[in-house]
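Single-structure report; data block below.
The values are calculated or read from the model by the stated rules, or taken from the named source; none is laboratory data. This is a predicted model, so every value here is computed, not measured. When we count neighbours, we look across all protein chains shown, and the Cβ atoms used for this are built from the backbone with ideal geometry, even at glycine.
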Amino acid sequence: MTEPVTVLGLGAMGYAIASAFTAAGHPTTTWNRSARPAPDGAVRTDDVTAAVTASKTVVVCLTDYEAVRSVLPPLADTLRGRLVVNLTSGSPDAARELAEWAATHDILYTDGAIMTPTDTIGTASALTLHSGHQTEVLSALGGNQPYLGAEPGRAAGFDVALLDLFWTSVAGVAHAFAMARSENIAATELAPLARGISDLLPMVIDEYSARLEEGKHPGDAANLRTAAAGMAHIIETAEARGLDASVMRAAHTLAQRAVDTGHGADGISYLTEMLERNVPENATRGG
């Protein structure tokens, strides 16, 4: 028999996680702060201490780290010697703080980040990052479960960086459609060409990451001076039509700052180094 697992939290993702553990043959006990049904085959209890006692592995998927901190500390003695796998989204610093708390109470701690929607959980499409204590229990969630190392904040670090890329891109899609519609171009007309633009991103990601490793930012194909000029045209057009251009203004401010400090001929990948140089020296940095 596969090992018993307890799942704390039965929101949409917690429910999917509990379902996947049950489907994989793990005896699964669930708890939720409010009354919610458990998946078929799982046991539901209103007693969180009883839920934790039922398994050596406790998977946590709550709203945020504030919720996690309200639930786990009162259970410190019960959790001693057990493994906590925290799949709640949060910052790398929050993950490290929780890992430190766990260590002081002899609790093993894994911090994880689920990078795919609820309907992928338990399928080959799932992706769950984890760091801290390495565990095989996440294999029940399906797909890939890359282990990113013993430093507990690394999974959350990957998570926030990847979500930064996603949400910035999504904001760009929303704004592009608004720009098109202001010119009586239907979103469905723009979409096929927009997909072509998105196809450039894998090349940009690979090229810029290689440049950052080398510490070189050639601007022979595209430089920051040209990029800043292009952004200015977008801002001018958007604002002339009454569209909010604050996201593009923020990007333009970064590019123009690089130009103004003598890096106009550098490639756009230089912006990463410029952003890093503006981090205060006394700021806490992970890893």
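Which one of the conditions (1) modelled with pLDDT of 95 or more; (2) within 30 Å of Gly90 (Cα to Cα); (3) surrounded by fewer than 10 Cβ atoms within 10 Å (Cβ to Cβ) does Gly287 fail to meet, given that it meets all the rest?
Unmet condition: (1).
For region 34-132, give me every one of the helices (runs of 4 or more DSSP H) that falls completely inside it and has 1 or more residues that are within 18 Å of Tyr15 (Cα to Cα).
Per the criteria, 48-53, 65-71.
Restrict the check to region 183-204 and report whether at least one residue is in contact (Cβ under 8 Å) with a residue 40 or more places away in the chain and either surrounded by 11 or more Cβ atoms within 10 Å (Cβ to Cβ) or not in a loop (DSSP other than H, G, I, E, B) (or both).
Within region 183-204, none of the residues are in contact (Cβ under 8 Å) with a residue 40 or more places away in the chain and either surrounded by 11 or more Cβ atoms within 10 Å (Cβ to Cβ) or not in a loop (DSSP other than H, G, I, E, B) (or both).
Yes/no per residue for (1) touching a helix residue (DSSP H, G or I) at 6+ places or on another chain (Cβ under 8 Å); (2) not hydrophobic (A, V, I, L, M, F, W, C):
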| residue | (1), (2) |
| --- | --- |
| Ser55 | no, yes |
| Thr63 | no, yes |
| Val68 | yes, no |
| Val85 | yes, no |
| Ala95 | yes, no |
| Thr128 | yes, yes |
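Restricting region 76-125 to residues that are touching a residue at least 60 places away in the same chain (Cβ under 8 Å) and hydrophobic (A, V, I, L, M, F, W, C), which is nearest to Leu62 (Cα to Cα)?
Leu87
Would you mention how many residues in region 144-176 are surrounded by fewer than 18 Cβ atoms within 10 Å (Cβ to Cβ) and closer than 21 Å to Ala23 by Cβ?
Matching residues across region 144-176 total 1.
Could you tell me which residue of region 249-275 is farthest from Asp220 (Cα to Cα), considering only residues that are part of a helix (DSSP H, G or I) and among the hydroxyl-bearing types (Ser, Thr, Tyr)?
Filtering region 249-275 for residues that are part of a helix (DSSP H, G or I) and among the hydroxyl-bearing types (Ser, Thr, Tyr), the one farthest from Asp220 (Cα to Cα) comes out as Thr253.
Out of all the residues in region 217-226, is one or more surrounded by fewer than 18 Cβ atoms within 10 Å (Cβ to Cβ), assigned to a helix (DSSP H, G or I) and either out of contact with any Leu (no Cβ under 6 Å at 6 or more places or on another chain) or of a type in the set (Ser, Thr, Tyr) (or both)?
Yes, the conditions are met somewhere in region 217-226.
If I filter region 237-244 for residues that are assigned by TED's automatic domain parsing to the domain that holds Met179, of a type in the set (D, E, K, R) and not in a helix (DSSP H, G or I), do I get at least one hit?
Looking through region 237-244, at least one residue is assigned by TED's automatic domain parsing to the domain that holds Met179, of a type in the set (D, E, K, R) and not in a helix (DSSP H, G or I).
For region 67-86, state whether one or more residues are acidic (Asp, Glu), over 27 Å from the mean Cα position of the chain (by Cα) and closer than 22 Å to His105 by Cα.
Scanning region 67-86, I find at least one residue that is acidic (Asp, Glu), over 27 Å from the mean Cα position of the chain (by Cα) and closer than 22 Å to His105 by Cα, so the answer is yes.
Among residues belonging to region 12-33 that are in a loop (DSSP other than H, G, I, E, B) and crowded, with 17+ Cβ neighbours inside 10 Å, point out the one that is farthest from the chain's Cα centre (by Cα).
So, considering only residues that are in a loop (DSSP other than H, G, I, E, B) and crowded, with 17+ Cβ neighbours inside 10 Å, the one farthest from the chain's Cα centre (by Cα) is Pro27.
Quick test of your reading of the structure: Leu87 fulfils all but one of (1) surrounded by fewer than 20 Cβ atoms within 10 Å (Cβ to Cβ); (2) in contact with a strand residue (DSSP E or B) (Cβ under 9 Å, 6 or more places away or on another chain). Name the failing condition by number.
Condition (1) is where Leu87 drops out.
Which ones in region 97-115 are within 22 Å of the chain's Cα centre (by Cα), of a type outside the set (A, V, I, L, M, F, W, C) and within 15 Å of Leu83 (Cβ to Cβ)?
Tyr109, Thr110, Asp111, Gly112
Of all residues in region 17-45, which are among the charged types (D, E, K, R), under 30 Å from Glu97 (Cα atoms) and modelled with pLDDT of 95 or more?
Within region 17-45, Arg44 is the sole residue that qualifies.
Among the residues of region 17-49, which ones are among the hydrophobic types (A, V, I, L, M, F, W, C) and touching a residue at least 12 places away in the same chain (Cβ under 8 Å)?
Of everything in region 17-49, those that are among the hydrophobic types (A, V, I, L, M, F, W, C) and touching a residue at least 12 places away in the same chain (Cβ under 8 Å) turn out to be Ile17, Ala18, Ala20, Phe21, Ala23, Ala24, Trp31, Ala38, Ala42, Val43, Val48.
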